[in-house]
1. Full-extension gain between L287 and T207, please, as 0.36 nm times their residue separation minus the C-alpha to C-alpha distance.
2. So, counting K/R as plus one and D/E as minus one, what does the shell of residues with Cβ under 15 Å around F284 add up to?
3. Can you give the Rg/Rh ratio of the chain, where Rg is from the C-alpha atoms and Rh is the Kirkwood radius?
4. Rounded to two decimals, what ratio of Rg to Rh does the range 58-146 give with C-alpha atoms and a Kirkwood Rh?
5. Give me the lysines in straight-line cross-link reach of K251: C-alpha distance below 24 Å, same-chain residues under 8 apart excluded.
6. For the range 204-289, with only Lys/Arg (+1) and Asp/Glu (-1) charged at the beta-carbon, what is the dipole magnitude about the Cα centre, in debye rounded to 20?
7. Kirkwood hydrodynamic radius, computed over distinct alpha-carbon pairs, for the range 1-115: how many Å, to one decimal?
8. For a footprinting-style exposure proxy, rank V105, V188, V156 by other Cβ within 10 Å, fewest first.
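Each reported figure results from applying straightforward, stated rules to the coordinates on display, with no laboratory input. Bear in mind that the values here come from a model prediction, so they are computed numbers and not experimental data. Neighbour counts run over all protein chains shown; Cβ positions are idealised from the backbone, glycine included.
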Amino acid sequence: MATLGQPQKTIEIIKKHDFTIQKKFGQNFLIDTHVLEKIINSAGMTKEDCVLEIGPGIGTMTQYLAEEAGHVIAVEIDTKLIPILNETLADYDNVTIINQDILKVDINQITQDYNQGRPIKVVANLPYYITTPIIMGLFEGGVPIDNITVMVQKEVADRMQVGPGSKDYGALSLAVQYYAEPYIVANVPPNCFIPRPGVGSAVIRLTRYKTPPVDVVDPKLMFRLIRASFNQRRKTLQNGLNNSSEISFTKEQIIEAIEHMGLNPSVRGETLTLKEFAGLSNFFTQLIN
Ligand code: SAM
């Protein structure tokens, strides 16, 4: 039975193993059973599912996942946690622990080895210092995924789901929304963790689109345009694109593209929707081909 959601149990395990919590690995262990249940429920787990857990810690969420899913692959960087995981997960025969840095693991290979290349689910209370590289790595690496349900810093969850007009709107919003439909499941206060993080947290579910919501001939070019537009937020779109090392179109081509899109010449990049960035990108693709 999953017992680690109880704060006393978590403290007991940490003490028993004389474990020192590593700030550098973003270790904040979840100690709230309601939040754990919410995460598992919103991921929509069944016994058919193969789940990748990033950073199992002492195995709290892993126990819940092992009870609901078919197979759990848990990737943990901290070698000192492995004997603890071996103990807390001893009762489950459907968990594979991998002691590695998630940013160095070939996740496509994992889906092949453990799920015959079929889509997996990703669930994690993420180490906040590498949230963006983990999420973007999963999407851009073309890993077959149903959904990603993760605890992240509240501010980052907000950035992932907002549209134009918000100060939080940026390259991360557009990248996430190109690949997935975001939904904030819950806001989680610092007292749900040991130790307490200095920021608020939120659980966000990203449901992977089968086909992207916009047609883009060259997504890499679109993302270069997006980065160029947001790198210099206060500049107009025209100046942002003109001054960026990301792209090398002439000033005339940039003016032509903005005109073609029916946009105001003094428009700022931060007001463009994903659809507009897609249109801009497709226009440039046509120009060079
Ligand atoms: N899942 C546990 C829980 O909810 O209590 C722990 C979550 S804690 C916020 C983040 C976990 O990710 C820690 O166990 C940490 O050691 C692990 N971690 C940090 N960087 C990692 C990396 N690059 N690869 C794999 N795991 C990592």
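1. Working: separation 80, 0.36 × 80 = 28.80 nm, distance 3.37 nm.
Here the answer is 25.4 nm.
2. Combined, the nearby Lys, Arg, Asp and Glu give -3.
3. 1.04
4. Details: Rg = 12.9 Å, Rh = 13.7 Å.
Using only Cα positions, Rg/Rh for the range 58-146 is 0.94.
5. Here the lysines satisfying the reach criterion relative to K251 are K220, K235, K275.
6. Taking the Cα centre of the range 204-289 as origin, the dipole is about 520 debye.
7. Details: mean 1/r = 0.0691 Å⁻¹.
Value: 14.5 Å, from the Cα pair sum.
8. Least crowded to most crowded, the residues run V105, V156, V188.
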